[in-house]
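Mind having a look at this structure? Questions to follow.
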Amino acid sequence: MPEVAGSNPAVPIIFLSKSNSCVIMNIQILMLKQDDPKKCTAEKLVKFGLAKPVKQISSRALVLDPFSKKTLLKSDKKLFSSIVGIDCSWNLTNTIFNKKLSGIRRKLPPLLAGNPVNYSKLNKLTTVEALAAAVYIMGDFTLASSLLDKFKWGHMFYALNKNLLNDYCKAESESNIFEICGEYGLSGSAVADI
């Protein structure tokens, strides 16, 4: 019998999709411990067995990098075996992401933060928001919801971004992402590198 979310943090998280096919998403977090542990969303995901802390990143891992030149698309799913969120302070992101990291780097398309610290700020997401957005774009809506459900404000992230996320799931190219952003009035610096 397969392991389910929360039963063993060393095992990939397995969910049944709406079509009852098995979806395996290995969620990992590179913990840099730069923020208050009481407010750290990554710590909470690890505590509840929804993510596994790692010290090294595999070459076949999707690394969520806000400075990547490439934007995450659903078609990227075939390139990686796990998703890695890098838990670090927003004040130190330039330093962290300028380092050579293994893995396949992708940035998320523009999204609004639902967390209380950066509420409605563009692209100022917590680790859980970034991971939930990535798995949602990959098509695993159940896992995205399970990640966000651990936070009392988690539903707000989804409420703010529901239409965007649904449209990003359908995007087949970065030019599609750029068009979607234009439709929502998200232009300028938010999509400059797309």
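Quote the accessible area belonging to Lys124 in square angstrom, nearest 10, computed with a 1.4 Å probe and with ligands, DNA and RNA left uncounted.
70
To the nearest 10 Å², what's Leu112's accessible area with a 1.4 Å probe?
Rounded to the nearest 10, that gives 50 Å².
Between Leu101 and Lys55, what length in nm is gained on full extension when 0.36 nm per residue of separation is reduced by their alpha carbon distance?
The span from Leu101 to Lys55 would gain 15.4 nm if fully extended.
For all pairs of alpha-carbon atoms in the range 107-166, what percent lies in each bin of width 10 Å, listed from the first bin to the last filled one?
26, 64, 10
Still on this structure: Accessible area per residue of the range 34-179 at 1.4 Å probe, in Å²?
Details: 7180 Å² over 146 residues.
Dividing the accessible area of the range 34-179 by its residue count gives 49 Å².
Kindly report, to the nearest 10 Å², the accessible surface of Leu73 as traced by a 1.4 Å probe over protein heavy atoms only.
Result for Leu73: roughly 20 Å² accessible.
A follow-up question, please. What net charge is computed for the residues neighbouring Lys152, neighbours being all others with C-beta under 15 Å from the C-beta of Lys152, Lys and Arg scored +1, Asp and Glu -1?
So the surrounding residues net to +2.
Just subtract the alpha-carbon distance of Leu79 and Ser173 from 0.36 nm times their residue separation and send over the number in nm, one decimal. Can you show the working numbers first?
Working: separation 94, 0.36 × 94 = 33.84 nm, distance 1.52 nm.
So the extension gain works out to 32.3 nm.
The values are calculated or read from the model by the stated rules, or taken from the named source; none is laboratory data. The model shown is predicted, which means the values in this text are computed figures rather than measured ones. Please note: Cβ atoms are built from the backbone with ideal geometry, for glycine as well, and neighbour counts cover all protein chains shown. Heavy atoms of the whole protein, side chains included, go into the accessibility calculation; ligands, DNA and RNA do not. Shrake-Rupley method; radii C 1.70, N 1.55, O 1.52, S 1.80 Å.
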